[in-house]
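Attaching a single structure in structure tokens format; questions to follow.
Nothing in this text is a laboratory measurement; each read-out follows from the coordinates by a stated rule. This is a predicted model, so every value here is computed, not measured. Note: ideal-geometry Cβ built from the backbone for every residue, glycine included; neighbour counts use all protein chains shown.
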Amino acid sequence: MSMYFDFENADAFATGAIGRPGERTFYLQVRAEGQTVSVKCEKGQVAALSNYLRDMLADMPDTGPTLDPTSSSLVNPVEQDFVLGSIGLGVDRSNMRMVVQLEEMVFLDEDDDDDDIFNILDDDDDDEASTTVVRVLLTPEQVRAFCDTADLFVSAGRATCKWCSQPVDPAGHACPKFN
């Protein structure tokens, strides 16, 4: 079943991680109009989204006060609504808002008799290919607070090995450079 959320005035656009470093699950969370939508994602998606949004912020005027980064942290309980697939970004210059669109990942059945993937994705009547989409308009201040929070969570993971750049587990690390 497809669902479409369109939030023009978000209360918050947040990110965070649940779990121990090395076993964390990352989420994006939109809070608006009395609803909370939580989207499971990858650490790399959060980092890339933050980087792209920071680049986009460079082209936006600074219009208001800086928001506290804690306003862009997850609100518990976090209940996953869907897994993140693609992300769309844009700017609504007339309203001085940034547009973020989060789309659900589409899982295809490998045992399906139809080998033509384009027919599966183009079939509007196929309930299995239906997706959830969240579109949210954010102020530059909300985006800046999100980016600051995202940077904190992304950098708070495991330390990286100075020789191979792989994460170092608390129990130790078998560096391939010293194998």
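Using the Karplus curve 6.51 cos²θ - 1.76 cosθ + 1.60 with θ = phi - 60°, what ³J(HN,Hα) values do you get for each residue of region 23-30, in whole Hz, with x for Gly and Pro?
Karplus-based 3J(HN,Hα) across region 23-30 equals 10, 6, 10, 8, 9, 10, 9, 10 Hz.
Moving on. Shape call for the chain from the C-alpha gyration tensor, a ≥ b ≥ c root eigenvalues: rounded (a/c under 1.5), prolate (a/b greater than b/c) or oblate? Can you show the working numbers first?
On the way: a/c = 1.86, a/b = 1.06, b/c = 1.76.
It is oblate, given that a/c is not under 1.5 and a/b is not larger than b/c.
Please compute the net charge surrounding C147, taking Lys and Arg as +1 and Asp and Glu as -1 over other residues with Cβ under 12 Å from its Cβ.
Numbers: positive: R54, R144; negative: D55, E141, D148, D151.
Around C147, the charge tally is -2.
222 nm [θ] for the chain, helices only, -39500 (n - 2.57) per DSSP H run of 4+, per residue, to 500?
Value at 222 nm, helices only, nearest 500: -6500 deg cm²/dmol.
Here's another thing I want to ask about it. Pick from A48, A32, A145: which residue has the top mean-square fluctuation in a GNM of the chain where Cα pairs under 10 Å get a spring?
Looking only at A48, A32, A145, the biggest GNM fluctuation is shown by A48.
Sticking with this structure for a sec: May I ask you to sort Y27, Y4, Y52 by Cβ crowding, counting other Cβ atoms within 10 Å and putting the fewest first?
Values: Y27 22, Y4 9, Y52 14.
The fewest-first ordering by Cβ neighbours comes to Y4, Y52, Y27.
What is the gain in length, in nm to one decimal, between S130 and E23 on full extension, counting 0.36 nm per residue of separation less the C-alpha to C-alpha distance?
Values: separation 107, 0.36 × 107 = 38.52 nm, distance 2.96 nm.
Full extension from S130 to E23 adds 35.6 nm.
Could you tally the net charge around G157, taking each other residue with its Cβ under 9 Å from the Cβ of G157, Lys/Arg +1 and Asp/Glu -1?
Details: positive: R24, K43, R158; negative: none.
Surrounding charge for G157 is +3.
Once you sort the root eigenvalues of the Cα gyration tensor of region 35-76 as a ≥ b ≥ c, which label holds: rounded (a/c under 1.5), prolate (a/b larger than b/c) or oblate (the other case)?
On the way: a/c = 2.49, a/b = 1.28, b/c = 1.95.
It is oblate, given that a/c is not under 1.5 and a/b is not larger than b/c.
Same structure, new question: Can you give me the relative contact order of region 22-88 as a percent, contacts being Cα pairs under 8 Å and 6 or more apart?
Numbers: 49 pairs, mean separation 26.2, N = 67.
Relative contact order of region 22-88: 39 percent.
What is the antiparallel percent of DSSP beta bridges lying wholly in region 3-178, to the nearest 5? Could you put the intermediate results ahead of the total?
Working: 29 of 38 bridges.
Bridges in region 3-178 are about 75 percent antiparallel.
Please check: in the Gaussian network model of the chain (C-alpha springs, under 10 Å), which one of L108, L74, L49 has the largest mean-square fluctuation.
Taking springs between Cα atoms under 10 Å, the residue moving most is L108.
Would you work out the relative contact order for the chain, in percent, from Cα pairs under 8 angstrom that are 6 or more residues apart? Mind dumping the intermediate values first?
Details: 305 pairs, mean separation 52.2, N = 179.
So the answer I get is 29 percent.
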